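The values are calculated or read from the model by the stated rules, or taken from the named source; none is laboratory data. On a predicted model such as this, the values are computed, not experimentally measured, just so you know. As a convention, Cβ positions derive from the backbone with ideal geometry for all residues, glycine included, and neighbour counts pool all protein chains shown. The accessibility values were calculated without ligands, DNA or RNA, using every heavy atom of the protein model including side chains. Shrake-Rupley method; radii C 1.70, N 1.55, O 1.52, S 1.80 Å.
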Amino acid sequence: MRDVEAPASAGGSAYGTHEFYWTRAEYTDVFGGLDDEGFGSRGRRWRGRPFWTTDYPKADRQFLVVLKKMIRLNVYGAEHPVSLADPQLRRYPLIYAVEVGHMDLTADEVRGLRSFLNAGGFLIVDDFWGPREWDQFQANIRRVLPGRSIVELPMDHEIFSAYYQIDSIVQVPNVRNAEAITRGYPGAHTWEKGGYVPHVRGIFDDKGHLMVVINFNTDLGDAWEWAEDPMYPLRYSTYACEMAANMIVYGMSH
Amino acid sequence: VFEFLFKYRPVYFEQGHLALGAPGSVRLWLVAAAVLGAIAVATYTMARGRARVADRAVMAALRVLLLGVLLLCLLRPVLVLSTVAPQQNFVGVLVDDSRSMQLQNEDGTRRSNFVTRLLTPGQSELLQKLSDRFTLRFFRFSSSASRIDGPGGLTYDGTHTDLAGALDAARQALSGLPLAGLVMITDGADNADRPLTDALVSLQAAGVPVFTVGVGDEEVSPDIELGRVEVPRSILTGSALVVDVVVTQTGMHRTTVPLIVESDERILAQESVTLGSEGEPVVARVRFHLDEPGPRRIRFRIPAQPGERVERNNARQVQIDVRSEREKILYFEGEPRFQVKFMRRAVEDDDNIQLVVLQRTAQSKFLRLEVDSADELAGGFPRTRAELDRYRGLVLGSVEASFFTHDQLQMIADFVSDRGGGVLFLGGHNAFAEGGWAGTPVEEVMPVVLGRSDPKFLAEVQVAPTPAGLAHPAVQLGAQDGDPSERWKALPPITVVNRISEVKPGATALLTAPAPDGDRQVILAHQRYGRGKALAFIPQDSWLWQMSADVPLDNQSFETFWQQMLRWLVDGVPRPVTLTLDHEHAERGESVRLTASVVDSSYLAVDDATVLARITSPSGVVSEVPADWTVDRDGEYVAQFVPSEEGEYEVQVSAARDGRVLGSDATYLRTAPSDDEFFSAGRRTRTLDRIAEETGGRFYTPETVASLPEDISVTGAGVTLVEEKDLWDMPALFILVVLLMGVEWGYRRTRGLV
């Protein structure tokens, strides 16, 4: 856990009071570690924050409000980040990571995430776009799970019907693109960084258990973060919440 | 010595009563005695001399005593006895004809040698004396009793010893005859599992004394013996078994011997057992799995040790029906929980468990997993008994009691008590007291005592097995040998949110943990409830035993625990038709009773079914035997059959009503020569003593049996005569007179009064 804007009040001490903790994965990104001035060891960051904190904590907080309304779930009511290198990670069998197209995992994080996934943990990744970020993510996840293929999840996979029936994958835009669409700006679009087609991909273990679900060329986090914004189209927030509900129900039962 | 001093044996004095045979009034005799006594005292008091008062008193007392003894003789004391009239009474002689009579005594002779010696006409003085006084009737007995003409009819090949049955049979055969008593010659090693009391009460009522003659050594030494082994009659393939074997020994204390468990010549487990101190039993615990379906004959044995007297009591065999069936369990969870995911994964490779999950995800929205059809559980938790009864086990997760209607709560209780299903209550924020379960019909089913609800309670606990848990297969964590406690210690702590410290009376805690308040926290407990069983597993996150960073990835404890828990949950859950046999194994020609319990689809007993047993012999001969309703018990049908071949019999039973099949069940019976007679084969003196004492007879050993004919004459029933036996000429009285005179003389000499 790290002291960032609106620091998390959760952590190991809160464990056990609730069944479910919406746990955000802390990881090292391409800018390396963080210093007090907001510089990474490899250069200045965007807004001086590491990539794992993107949309954090507003997205998490808003999402938790909606999640409690959607699912009958004994969920911890605050943001809850845990480092991939923290041994406590394995107490939270479902974790969420964003902007994974910028991750550059340390050896400890690789080991931690590998052990988490092999023990039965479930990882949801989101908000990365285009071939360059894909390559970056793929390089990192291959370090974690060498030899495991990444496959496209078919629409008849149970993850699309675990709670809501989802018949098609929607590209959820970031807040700027979404507002542009709402305002009807010419050329407004949902894609960014060359990521034109949204995908839901997965990595399975030897027994066919889904270990990682990859939301690529889409930004579910922004849809939760800006769900209250009248300029953010409801259909994207709806899809993002439905997909999240399905991933959580699936990840807690399969 | 007694007989020398008092002229007759003690039994005479026990049976008779004392009287005085002198003519005239006793009062007159007493007056005369008083006068004589007074004269004696006066003589000693008034005589002149140097004797002091004390000397005079002592001598006067001795003289008075002497006069008293002489007076007693003059009163002619007699022993009044009721004795059996010679040659007017019968005596039944019952001889043990079982295999244990072939065992050797310490001196190398067989137990049966004594019988031969005792009962061979012309060679036995005892037999001659008995024949002179009584008309003898001989019986042989083992598992049954029958008349024989003499010792020639004995084969010592009986497979069981039924003392009560033998006494009953002889009493009935001789009823109506003047019976002086029964003589029972046996080692007393009864193994018929039949209480003696009824037979003894009947003999008491008929006034027939039993004279028991115990043969054989009381202690067979040196020897090792395995106690009876208890195992379930049927299990699912792959289930773990933990079996406690009691090993007793004599003359082999502190020896270490191997205990081998084998099936079909394959060794399943082996354990070293260090025997206890002399005569003290030790309990050897063996753990093994049975992976192949079908009837399995499991043999527990300790190889014969050098010098052992009886080798055939070193092994026990049991029959286990290993079933390869898919047992359907409903797991209802009130909210998404990781327990669902990890429990499903734990049993996903188990072909014998179908874990159907119904998980509430919103108020009226459910996730259904592993259902057989689109309709199954479509409406949520079952609303009818028939819907619920299709499952053999029920797991209730963190769900508040108010979710259910009263009828559903009652249905859950009935599922356990009437249907005989297994229910497992899991801990959680909405379970037990915190879920409002107190005061519901289901609370009674729970094996734990619900305390006051404390929604804020949270404790981290380190789980450990109780002594009962160490012996329970469900909590072994796959330990094949050694103590599973070490495996439990290696698991990380988990959390509980339900404060439970007590189990119900009759329930057993298998896992506990120290609680923060110093008391204990119950982790796993179970109890029988009606026909079924109820389990409570309190932790909310046992999946940490897999997910915790402290647990190596290859540690299978979590999977093993839940596989065994769910197997245990459905183990022994009755089917519509349940077949049991009264024997695990039988001998050729031994009658076997089969009992079938029949219920309908609502698990209500059926008394008007047509129940047919189909018995297939080892050679493939099929016979059908109808089973009849017992009338005593609802839904219970019995039939008997007598196996005529050695080997494995398959017994199938099917029940139908109005042409509709209610169900069927099958089991196996092995027929082979039994070794039962070689277990606990030492002479049972206490049993034989009890038979004699409670019927008014006596107990003898080969060394004391010579007085038997005379004793029967004195103590026996039948046609009797009253006899008076003089006691005045008892040597004891003469010795007393001489003694008193001698003492007086000696006293005078000592005191210088001669």
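Rundown of residues vs (1) out of contact with any strand residue (DSSP E or B) (no Cβ under 6 Å at 6 or more places or on another chain); (2) surrounded by fewer than 16 Cβ atoms within 10 Å (Cβ to Cβ); (3) over 28 Å from residue B:467 (Cβ atoms), yes/no style:
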site	(1), (2), (3)
B:286	no, no, no
B:291	yes, yes, yes
B:306	yes, yes, yes
B:331	no, no, yes
(request) Would you mind stating whether residue A:174 is more than 22 Å from residue A:249 (Cβ to Cβ), more than 14 Å from chain B (Cβ to nearest Cβ) and touching a helix residue (DSSP H, G or I) at 6+ places or on another chain (Cβ under 8 Å)? (result) yes
(message) Quick check on the stretch A:47-104: of everything there that is open to solvent by 10 Å² or more (accessible area, probe 1.4 Å) and of a type in the set (Gly, Ala, Ser), which residue is nearest to the other protein chains (Cβ to nearest Cβ)?
(response) A:85
(request) Could you please give the count of residues in the stretch B:361-380 that are at the interface with another protein chain (Cβ under 10 Å from one of its Cβ atoms) and closer than 14 Å to residue B:395 by Cβ? (result) 1
(message) Looking at the structure I just gave you, is residue B:325 more than 8 Å from every other protein chain (Cβ to nearest Cβ), crowded, with 20+ Cβ neighbours inside 10 Å and of a type in the set (D, E, K, R)?
(response) no
(message) From the list B:205, B:180, B:199, exactly one residue is of a type in the set (Gly, Ala, Ser), open to solvent by 10 Å² or more (accessible area, probe 1.4 Å), farther than 29 Å from residue B:109 by Cβ and not in a loop (DSSP other than H, G, I, E, B). Which is it?
(response) B:205
(request) Specify the residue that is farthest from residue B:568 (Cα to Cα); the eligible residues are those in the stretch B:335-358 that are facing another protein chain (nearest Cβ under 8 Å) and touching a residue at least 40 places away in the same chain (Cβ under 8 Å). (result) B:335
(request) For residues that are in contact with a Leu (Cβ under 7 Å, 6 or more places away or on another chain) and surrounded by 17 or more Cβ atoms within 10 Å (Cβ to Cβ), scanning just the stretch B:371-387, find the one that is farthest from residue B:432 (Cα to Cα). (result) B:377
(message) Going through B:371, B:399, B:395 one at a time, which residue ends up being of a type in the set (Val, Ile, Thr) and not in a loop (DSSP other than H, G, I, E, B)?
(response) B:395
(message) Of all residues being hydrophobic (A, V, I, L, M, F, W, C) and surrounded by fewer than 22 Cβ atoms within 10 Å (Cβ to Cβ) in the stretch A:125-158, which is nearest to the other protein chains (Cβ to nearest Cβ)? Just the residue, please.
(response) A:145
(request) Would you be able to say whether some residue in the stretch A:217-231 is within 14 Å of chain B (Cβ to nearest Cβ) and either outside any strand (DSSP E or B) or not hydroxyl-bearing (Ser, Thr, Tyr) (or both)? (result) no
(message) Every residue in the stretch B:451-468 that is surrounded by fewer than 23 Cβ atoms within 10 Å (Cβ to Cβ) and away from chain A (no Cβ under 14 Å), please.
(response) B:451, B:452, B:453, B:462, B:464, B:466, B:467, B:468
(request) Quick one: in the stretch A:232-254, of everything that is within 14 Å of chain B (Cβ to nearest Cβ) and among the hydroxyl-bearing types (Ser, Thr, Tyr), which residue is nearest to residue A:157 (Cα to Cα)? (result) A:250
(message) Among the residues that make up the stretch B:691-703, is at least one of them assigned to a strand (DSSP E or B) and either free of Cβ contacts under 8 Å to residues at least 40 places away in the same chain or more than 30 Å from residue B:603 (Cβ to Cβ) (or both)?
(response) yes
(request) Check the stretch B:706-724 and report whether any residue there is touching a Gly at 6+ places or on another chain (Cβ under 7 Å) and open to solvent by 70 Å² or more (accessible area, probe 1.4 Å). (result) yes
